[in-house]
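Have a look at the structure below, then the notes.
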C-alpha cells in the first residue's frame, strides 16, 4: 500500500513539475516559454536575455571560415552564384565577412544586440522580423542561431519569405541544439528537423539535403547544415 502511494505521489509531482517547467515539449520539440506573471509572452525578457548573452560572449567566434567557404561553394554549385544574402544572429559578423569574401556578393548580417553597430555589414535587427526590401529577393540565408528563436515556426516563415523561389536557407544544427533553455529557447534533434520544417512550410519549402560540416571543434558531436529550399 505504501509503495503504491509513493508511486502515485511521484506521478503527481512529475506532472506538476511538467506544468511548472518553462520548457514546453507539446509540439515535438523543446521551447522555452518567456512568460509574465499573467501568462502573456514577455518579449522584453527575451530581448534582455539575448542581448546580455551576446555581450557576455562578444569576443567568442563560433563559426569557422572553412565551413563558410564550404557553404559558399555549395551556393555556387546549386544556385550558380548569388547577388544578395543574409546571415542572421551573427554577433561579430564573421559569417557575412566570409560569405562576401568567398561569393563576391552583397551579404548583410543581423544581430539583436546594440553591439551590431561595432561590426561591418551588420544591422541591429530581430530576426523574427522582415524588411520589405528583402522579400523574394534573397538568394540565400545562413544562420547558426536558429536555436535562439522564441517562435521557430514564425521565424522560419519570415526567413523563407525573403528567399527567392529556388533559393535556400542554410540552418546550422549541432549536438548542442537539442535542448532548450532561457538563452537558447528552441531545441530539437536533427532527425526531427526535416519533419518540422515540412510541416511549418505547408508546401512552400522543405529540407532537401543535410550537409556535414568539413570542420568542427574537438569534442563537438556533429555540425550539420539543413538545406531548406523555397519551392515554386
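Every number here is computed from the coordinates shown, using simple stated rules; none is lab data. Keep in mind the model is a prediction, meaning the values are calculated, not measured. Because the Cβ atoms are built from the backbone with ideal geometry, glycine has one as well, and the counts that use them run over all protein chains shown.
In table form, for the structure just shown:
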read-out	value
On Cα atoms only, tilt of 43-56 relative to the major axis of the chain in degrees	60
Between helix 152-162 and the chain: long-axis angle, C-alpha atoms, 0 to 90°, nearest 10	10
DSSP-defined beta bridges in the chain - what % are antiparallel, rounded to 5	55
Backbone N within segment 161-204 under 19 Å of label point (7 Å from residue 57 Cα along the Cβ vector)	170-190
R0 of 41 Å, Cβ-Cβ distance residue 101-residue 41: FRET efficiency to nearest 0.05	0.60
Rg(Cα)/(2.2 N^0.38 Å) for the chain, N = residue count	1.10
Sum of -39500 (n - 2.57) over DSSP H runs of 4+, divided by residues of the chain (222 nm, nearest 500)	-10500 deg cm²/dmol
Degrees, to the nearest 10: 94-103 long Cα axis against longest axis of the chain	40
Between segment 138-155 and segment 164-223, the alpha-carbon center distance in angstrom	9
Rounded to 5, percent antiparallel among DSSP beta bridges of segment 111-232	70
Cα-Cα separations in segment 129-232 greater than 18 Å, expressed as whole percent	46
Volume of the Cα convex hull of segment 98-190, divided per residue and given in Å³	117
